[in-house]
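One structure is given here, and the rest of the page talks about it.
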Amino acid sequence: MPPIREPRAGAAIIGPAASSRGSRAMTTEERQDVFVVDDHAVVRVGVRSFLEGTGRFRVVAEASSLTEARMRMSTLPESTTFLIADMQLKGGSGIDIIREARLREPPLEVIVLTSFPSARILRRALAIGARGFVLKEAGGGALLEALEWAQKGHIYLDPRLGEAIVDALVFPDNVDRQASEERLLTLLADGLTDRDIARILSKPQATVSRDISLLLKRMGVTSRAAAVSAALRRGLLV
């Protein structure tokens, strides 16, 4: 497994003002081509502005949904080196596009840019070849460092991921529990009753009702609707 590095802390917001201090200028021929996938236009614009402002990268394609990302993937220039992708996409999960990026010839180096750390997603993304995780709040310096380390064959983990890193790499049982809870939240989001959920999960209805009560307590909410709303805000439902 490639070495894992926790980077130095960064605080700037991604954008042109944070761009190229201290970066080495490259010629157009030396620039690395990047594919950016995020469902928020402001994020894509910020990433493009920052990366191209360094003189070291060129954004050759953008996508706002899983469907569009797949379409763009099939027409990327062979020179494309990196995929920067969010995990929450319209039409599916960023996990799907990461898998396709790694199966491409040549494979793309993948950096996950996310607002909500999830141990399960972190573990799954690393398992299929993601090279870095950067929180959107971390800033351009962290993204640049992640790209540099990925290019060297290392794995970059934003230290702000905190418990997600520990859970994913040290306590895999916690990840299994989280996966079960996220599946339960998905079923609740579909508006299913305890009886329906019990049938789907092949569990006694009383067990499902107990699991839901414990889940609400762990999330610090008092209703199922509030649990689903909180899960969406935290990026647990992708």
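The combined condition, being closer than 16 Å to Val47 by Cβ, over 9 Å from the mean Cα position of the chain (by Cα) and assigned to a strand (DSSP E or B), is fulfilled by Val110. Scanning the range 81-94 for any residue that is in a loop (DSSP other than H, G, I, E, B), closer than 19 Å to Glu148 by Cβ, modelled with pLDDT under 95 and not acidic (Asp, Glu) turns up nothing. Per the conditions (1) modelled with pLDDT of 85 or more; (2) assigned by TED's automatic domain parsing to the domain that holds Phe116, the sole criterion not satisfied by Pro159 is (1). Taking into account only those residues within the range 48-69 that are touching a helix residue (DSSP H, G or I) at 6+ places or on another chain (Cβ under 7 Å) and assigned to a helix (DSSP H, G or I), which is surrounded by the most Cβ atoms within 10 Å (Cβ to Cβ)? Among those residues, the one meeting the criterion is Ala69. The number of residues in the range 198-224 that are farther than 13 Å from Leu184 by Cα and among the β-branched types (Val, Ile, Thr) comes to 2. Within the range 1-47, restricting attention to residues that are closer than 27 Å to Pro107 by Cβ, in a loop (DSSP other than H, G, I, E, B) and basic (Lys, Arg), the residue that is modelled with the highest pLDDT is Arg31.
I'd like the full set of residues that are surrounded by fewer than 16 Cβ atoms within 10 Å (Cβ to Cβ) and hydrophobic (A, V, I, L, M, F, W, C), limited to the range 91-103. Passing the criteria: only Leu103. Within the range 104-122, track down each residue that is farther than 14 Å from Phe57 by Cβ and either among the β-branched types (Val, Ile, Thr) or surrounded by fewer than 20 Cβ atoms within 10 Å (Cβ to Cβ) (or both). Result: Arg104, Glu105, Pro106, Pro107, Val110, Val112, Thr114, Ser115, Phe116, Ile121. For the residues Thr75, Thr81, the requirement of being farther than 19 Å from Ala41 by Cβ and in contact with a strand residue (DSSP E or B) (Cβ under 7 Å, 6 or more places away or on another chain) singles out Thr81. Does Leu215 satisfy being under 26 Å from the mean Cα position of the chain (by Cα) and surrounded by 15 or more Cβ atoms within 10 Å (Cβ to Cβ)? So Leu215 passes the test.
The values are calculated or read from the model by the stated rules, or taken from the named source; none is laboratory data. Fair warning: this is a prediction, and the values are worked out from it, not measured in the lab. All Cβ positions, glycine included, derive from the backbone under ideal geometry; neighbour counts span all protein chains shown.
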